[in-house]
Each structure stands twice: as structure tokens, then as C-alpha cells.
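Quick notes on the structure that follows.
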Amino acid sequence: MKFLHAADLHLDSPLRGLERYEGAPAEHLRAATRRAMENLVELCIGEGVAFAILAGDLYDGDWRDYSTALFFAAQMSRLRQAEIAVYWLRGNHDAASQITKHLRLPDNAFELSSRKPKTIVRDDLGVAIHGQGFAKRAVTDDLAAGYPDALAGYFNIGVLHTSVNGRPGHESYAPCRVESLVAKGYDYWALGHVHKREILREKPWIVFPGNLQGRHVRETGAKGATLVNVEEGEVVEAAHHALDVLRWARIAIDPAQCASADDVIDLARLALEAELEAGEGRPLAARLVVAGTSRASAELQGDPERWRNALRAAATDVEPDAIWLERIDLASDPLIDPATLNDRDDAIGQLLRSLRDMRADPERLQGLAASLAELRSKLPAELRGDEDPTGDTAMAEAVADVERLLFSRLLGPPR
């Protein structure tokens, strides 16, 4: 018997943080989450799975209209024609309180209750599926504690949207511990909520499949679902299958050996080619970070707009409509001893000391952040970006960028 375990589809969630510029592969970005869902359905049919489990966050929040639900229903109908059942529950993004509209799904799609734990028994397969979804967005109770013990003689699967033991970057929803999941006596725990694939344990298997499609630069690498093969009541394989249609990456470029900005462009081109190849034909959305000391630093920092666009042009040249540079950080430093500059008793030394004192002073950073936050609040929503630029770390990085720009102009060759 085979079954598919997926979670965190976030259908129709927009891909965030992408700049618009000429030559970027905009067509590949539209409806990426839907195309990943279509890949999931094709995998289910191609592998002849007995059923699929979707462990929460099918949707990204309340629907703008019914098109999201109609798309999902159409995919369920495709599985129904292949005689494949789907068992799903709600997570924090599609909790019962979050989705205000309703649409009846085909009769092969079974929702696990959000009110209390529910068990669905498949006598024909010898399988018992236990689970409870989210009634509201912020569920802070240990839902798993209320799940029934395993049914004797069945292959038991627990379905749960949870932060198990806590996970950095994820809200602590439906918290529980691995030990308490093991104590239930289930054979497989199909988890959701954490967007990075993790196998927390084998025998019993406790698995986060990760989300189906990366949506921003913090969700890098292959994304997809877990195909589980069961023989004689035991899991013999739980294999990851990449189903994403766009791959995210963070690419660090070390310019130490670069004598000029053109050398940096050539180095970035090679890195982008390698990352694109690793994605097996998928379009690439990448953040380029040029960091380290280099003779090319003054040139890069002296005209950053020119070199950012040169990098975009190089990305387009690698393969048209295949690479989108989400952001370009030119953070390289000149080959100058910082201590020597810091000791200078002139305007440059004073400026350097002032900037570095600001980077080390949380109160001054917070004051600067407050001023910028007011300006940011006046921007249209589409220009504010996904990341908060006013946090302490972001402000320290911004001051460092100012420092690089100023010193490239002050100490670099005449323009």
C-alpha cells in the first residue's frame, strides 16, 4: 500500500519579495502553488496511491472569491476519478474561523473534524486515520493529547498541524512533544505547519513533509511531499518527491579573488548556472549576496545601481525567462585595514567611528528605526516589501551599507 503525505499547500498564496524588472520570468510565478498542487495529483495517480493526507493549511487564508476552492475541488475530482480518497484537516491559515465561505467538495475528500479528534477506519486497507483540525487560527492547546490510542490490528496514522517541541520561525501552535506522539502507539504521524522537511523519528515515523511550493527566499531548496510505502503493516520507505515549479535559493558570492566588478559578474554567472542546473529545469528565484573583502569593492560600492543591473542582465543571459533575482546585496568591503581607518584623526576617521558606534548602540538604532518606520507607513502596501527593514539587525545592516557606500566614494578612485 502507498499513500501520499503533504501539507502547507497555501493555495493562491502570492510569491513575495520579488522585484519587477525587464527580463524576469513573471509568467512562471503566476499560480505557482496551483501548478505544484497539480503535480501532487499527477504523482498520486502515477504512483497508484491508496489515499492522500493533507495535514493543514491547504489555503493561505480566507478566499478572495470562490476560484481557490473551485480549483481545489477540481483537483479532488481528478483524484476521485482515479478512486483515490483524500483525508485533510485545517491548520492555522485555513482554520474554521478563517474561511468564511463554503463550498462542498467531492465525496472522496474527507475532512477531519475541527471540534474534536476524529477517527476514520478503512477496513479494506486495514488503516485507521486519527486527526483534529484547527477551529481557530491560534490553537495553543495540545490537540494530540486528546487523540485516541492506536486501534489494534490496524496501521494507525495520526494527522496533526503542530509545532512539535517548538520550531524557529513558526508559531507554537498545537504544541506537543515527540515522546507524547510515540506514546499513542501509531505507526506514522503525518504532520504539517513546519515548512522545512524533517523526519523527527522512525518507528514510529514522525514526518514534516515541508510545504509544497516555496513562497519566498526563506523557503529555499526542493519542496514537495512524502510518498510512503507500507508492506505488512510497516513503513518500508518514506521518500521525498519534489513537486515545486519554482526553486528558491540564497547564493553567496565571495569576491576575494576578483580584481574588478566584471570579475564578480562572471563569478555570479557561474553560481547562477550551477544553481539553475541543481533545480532540474525549474525556474530559479535567487537572492545574491556579494560579501567579503575584495579589490572590486570600491567599484561595486561606487555605482551599486549599475552593478545590480549588470547582475540582472547576466542572470537573463544565463537562460532567458529562467532566473529572477529577488534581491542583490552588495556587501563587500575594501582591502583596507579597518583599524587603520578607525585611528585616523580626520573627518574620515570621525565618520567611521560615528557609524560604528551607531551600529553598536541599540538606542540609536531604535531612534533611526522609528524615523524610518514613519516614512515606511506612508508607502503603498506593494512597495513596503515582505521583510521588516526596521528591526535591530536590519538597521545595523543598513548602517553598514551606508558605511560601505561612503567609504567607497571617499577612498576609491576619482569618478
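Listing for the model above:
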{"read-out": "In nm, spacing of pseudo-spin labels at Glu363 and Ala347 (7 Å Cα→C-beta vector)", "value": "2.9"}
{"read-out": "Mean-position separation - Cα centroids, segment 85-127 and segment 38-55, in angstrom", "value": "16"}
{"read-out": "Residue among Asn92, Leu355, Ser371 farthest towards the positive dipole end of the chain, charges placed on Cβ", "value": "Asn92"}
{"read-out": "Members of Lys116/Lys184; Lys101/Lys196; Lys136/Lys184; Lys136/Lys223; Lys116/Lys136 lying beyond 20 Å, as alpha-carbon distances in this model show", "value": "Lys101/Lys196; Lys136/Lys184; Lys136/Lys223"}
{"read-out": "Cβ crowding within 10 Å averaged over residues, with 159-166, 96-103 ranked highest first", "value": "159-166, 96-103"}
{"read-out": "Computed label-point distance, nm, for sites Asp262 and Lys2 using a 7 Å Cα→Cβ extension", "value": "5.3"}
{"read-out": "Extension gain from Ala239 to Arg78, taking 0.36 nm per residue of separation minus the Cα-Cα distance", "value": "55.6 nm"}
{"read-out": "Ranked list, fewest to most other Cβ atoms within 10 Å of each Cβ, for Ile323, Ile265", "value": "Ile265, Ile323"}
{"read-out": "Structure-based [θ]222 nm, the chain - -39500 (n - 2.57) summed over DSSP H runs of at least 4, per residue, nearest 500", "value": "-10000 deg cm²/dmol"}
{"read-out": "Ascending count of other beta-carbon atoms within 10 Å, so fewest first, for His93, His5", "value": "His93, His5"}
{"read-out": "Local net charge near Asp263, Cβ-Cβ under 13 Å (Lys/Arg +1, Asp/Glu -1)", "value": "-2"}
{"read-out": "Projected label distance in nm at Ala135 and Arg16, using a 7 Å step from Cα toward the beta-carbon", "value": "2.9"}
{"read-out": "Sites excluded, GluC sites (Glu not before Pro) in DSSP loops with at most 15 other C-beta within 10 Å, longest stretch of the chain", "value": "281-386"}
{"read-out": "For the chain, diffusion coefficient by Stokes-Einstein and Kirkwood Rh (Cα), 4 °C, 1.567 mPa s, µm²/s", "value": "54"}
{"read-out": "DSSP beta bridge pairing in segment 2-242, given as percent antiparallel to the nearest 5", "value": "45"}
{"read-out": "Value of D in µm² per second that Stokes-Einstein yields for segment 2-242, Kirkwood Rh from Cα pairs, at 4 °C (1.567 mPa s)", "value": "72"}
{"read-out": "Net charge of neighbours whose Cβ lies under 13 Å from the Cβ of Tyr66, counting Lys and Arg as +1 and Asp and Glu as -1", "value": "0"}
{"read-out": "Likely footprinting exposure, Arg308, Arg80, Arg215, fewest C-beta neighbours within 10 Å first", "value": "Arg80, Arg308, Arg215"}
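Laboratory data are not the source of any read-out in this text; all were calculated from the coordinates shown. Note that the structure is predicted; figures quoted are calculated from it, not measured. Cβ: placed from backbone, ideal geometry, glycine included. Neighbour counts: every protein chain shown.
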